[in-house]
1. Taking 32 Å as the cut-off for C-alpha to C-alpha distance, list the pairs among LYS279/LYS309; LYS77/LYS412; LYS49/LYS141; LYS161/LYS414 that go past it.
2. Which helices pass in the chain if a helix is a full DSSP H run, must span at least 15 angstrom along its long axis by Cα, and must have mean Kyte-Doolittle hydropathy not below 1.6?
3. If you add up the charges near GLU34, with Lys and Arg at +1 and Asp and Glu at -1, over every other residue whose beta carbon is less than 12 angstrom from its beta carbon, what do you get?
4. Could you work out the local net charge near TYR177, counting Lys and Arg as +1, Asp and Glu as -1, over the other residues with Cβ closer than 15 Å to its Cβ?
5. Enumerate the amide H contacts of SER247 below 5 Å, restricted to partners 5 or more residues apart or on another chain; note that Pro and chain-start residues carry no placed amide H.
6. List the aspartates and glutamates whose alpha-carbon lies under 17 Å from that of LYS468, not counting same-chain residues fewer than 8 positions away?
7. May I ask you to sort SER401, SER172 by Cβ crowding, counting other Cβ atoms within 10 Å and putting the fewest first?
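Each reported figure results from applying straightforward, stated rules to the coordinates on display, with no laboratory input. Everything quoted here is computed from the prediction, not taken from an experiment. Using ideal geometry, Cβ is built from the backbone for each residue, glycine included, and neighbour counts are taken over all protein chains shown.
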Amino acid sequence: MKKVLPLILVMLVFLPALVSCHGSHGMLEFQMPETFDGSKQYELVFWAKNDTNKIQTKVYTDAIASFQELYPNIKIKLSLYGDYGRIYNDVITNIATGTTPDVCITYPDHIATYMTGENTVVRLDEVFKDEKYGLHGSELKFDSPGFDQIVPQFIEECKIKDGYYAIPYMRSTEACYINKTFVEALGYEIPETLTWDFIWEVSEAALAKNGDGTYKLNGGNVMIPFIYKSTDNMMIQYLKQAGAGYSTSDGEILIFNDQTKEFLQTVAAHSNGAFSTFKISSYPGNFFNAGQCIFAIDSTAGATWIGSKATHLDIPKEDLIEFETVVKMIPQVNPDAPYMISQGPSLCVFNKKDPQRVLAAWLFAQYLLTDTVQITYAETEGYVPVTLKAQETAEYKEYLSRAGEDNDHYYKVKIEASELLLKNRQYTFTTPVFNGSASLRDAAGQLIENTVKSVRRKETVDDAYFVKLYSDVNALYRLDQINTGESVMQKALGKLPKTAVFLLVSLGAVWTLIAAGFIYRVVRKKRAEMREKT
């Protein structure tokens with residue numbers, strides 16, 4: 001019975017935790033091995049995002065093949081996902097079961113949530129510095145960039161709280177793709193730096209119709225002058241430009257402010273035809289390419305889908321019209337103090353019980369920073385390499401210089417989108433990353449989406465509307481719980497099923513009864529001994 005009592009106490013202590021949250025198993029912090037064991041076989045899992053771009057898929061498979069030639073004892077299994085949200089959801093699920101991938105393409109916002117599992121994601125500060133296997137390490141079988149050869153802004157985006165938990169893989173920003181032909185037909189000249197006022201004014205002018213109800217500008221029945229792909233970025237960038245609150249680094253929510261309301265009122269004023277969003281209307285590029293949109297704001301990474309000579313199309317070729325495309329920075333509040341978001345995927349390495357396996361995963365993740373991988377992948381879309389080393393190569397500079405030579409590899413709009421970020425890197429920013437920041441980002445976009453939908457439904461958009469909107473969005477994304485101690489991981493995993501809760505409670509009750517019976521017998525025995533002595 002002496003051995004039973006400690007077990008009883010353990011069960012009683014941990015029972016509430018088992019009932020309220022499950023699947024969070026802490027691990028020891030990763031320690032870099034002295035040497036890499038090349039005699040062991042490793043089978044690693046790599047999760048990456050890819051839509052339908054076979055060229056990008058080939059970059060992954062070629063990189064894996066080249067890496068495995070250098071390290072034949074490391075086998076990489078590639079799993080492709082259609083979007084980052086699915087990767088995020090699957091990682092959350094797999095953390096609970098201890099089956100995370102070894103390397104994953106993801107975003108720092110998502111990593112902050114992964115980190116709610118103790119030592120789930122490898123902290124890379126000391127890994128970077130390791131003389132043998134760190135960045136540009138002496139024992140690497142490939143030419144890895146040093147820490148100072150990664151674009152400073154991009155590597156800093158991978159810092160969460162007090163450490164680095166990722167390395168950047170690719171970077172992009174948002175661009176405003178403009179139908180210059182239409183703008184000039186309306187009697188306007190595109191300014192050097194776009195402003196929100198300019199876009200709203202031109203968009204309203206484009207709604208003029210002929211007597212038969214068709215639009216004067218394109219002679220058709222459809223015209224949505226301004227379409228924004230990512231409304232979360234739209235809200236975030238406007239607030240940054242306006243100097244308004246969004247959040248603090250420790251997770252304080254500031255977005256429900258007067259500047260947000262003012263911007264939503266402006267959006268509402270133009271939502272009867274001049275403005276729409278991807279979630280409401282579909283991809284901006286589709287309307288843009290068909291001559292049904294003037295300003296299409298989308299990622300520079302999506303540049304190959306935009307323009308009358310786009311290399312990728314989601315509409316029939318016969319629906320294309322000829323026009324001149326101009327690539328500009330997103331609209332600004334103050335042209336003299338521009339801001340644009342820095343975005344793009346990063347790589348994180350997940351911790352495992354075997355440090356050698358983690359080291360193998362780190363070697364592969366680091367290999368994806370080599371010049372060949374960086375340049376080849378960047379050339380598939382409007383991404384830019386994340387290393388100064390790759391950006392400064394003669395190969396990459398030549399690629400940029402050949403813009404417009406053809407509509408395939410050297411598609412002009414794609415290269416101009418890349419150069420937009422390369423030339424304006426100093427104006428980029430990112431939002432604070434914390435456990436729950438991904439939910440806040442979704443909420444930012446939801447404010448705009450709901451406002452546009454309400455206008456289309458002929459709802460009254462007044463002060464009372466915004467009070468309710470703030471309350472609804474806050475509740476939908478549980479923003480008021482971000483600082484309560486309940487992690488997003490716990491929210492995602494939820495509570496145990498009722499049957500499991502019943503079982504655990506029953507076990508707890510049984511152990512409690514056993515403990516009570518044991519204590520009762522001990523006390524009874526002690527009393528009997530005392531009576532005998534007296």
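1. Details: LYS279/LYS309 25 Å; LYS77/LYS412 35 Å; LYS49/LYS141 26 Å; LYS161/LYS414 35 Å.
Pairs exceeding 32 Å: LYS77/LYS412; LYS161/LYS414.
2. Details: long enough: 4-20 (25 Å, 2.74); 54-70 (24 Å, -0.11); 84-97 (20 Å, 0.01); 231-242 (16 Å, -0.50); 258-269 (17 Å, -0.41); 355-367 (18 Å, 0.36); 412-423 (16 Å, 0.20); 437-456 (29 Å, -0.23); 463-476 (20 Å, 0.33); 498-533 (52 Å, 0.44).
Span-like helices here: 4-20.
3. Every neighbour counted, the sum reads -3.
4. Values: positive: LYS180, LYS229, LYS309, LYS328, LYS412, LYS414; negative: GLU174, ASP298, ASP314, GLU324, GLU381, GLU416, GLU419.
In short, -1.
5. The list, which skips near neighbours in sequence, is LEU254.
6. Of all the aspartates and glutamates, those that pass the test against LYS468 - Cα under 17 Å, at least 8 places apart if same chain - are ASP258, GLU262, GLU449, GLU459, ASP480.
7. Working: SER401 10, SER172 24.
With the fewest neighbours first, SER401, SER172 line up as SER401, SER172.
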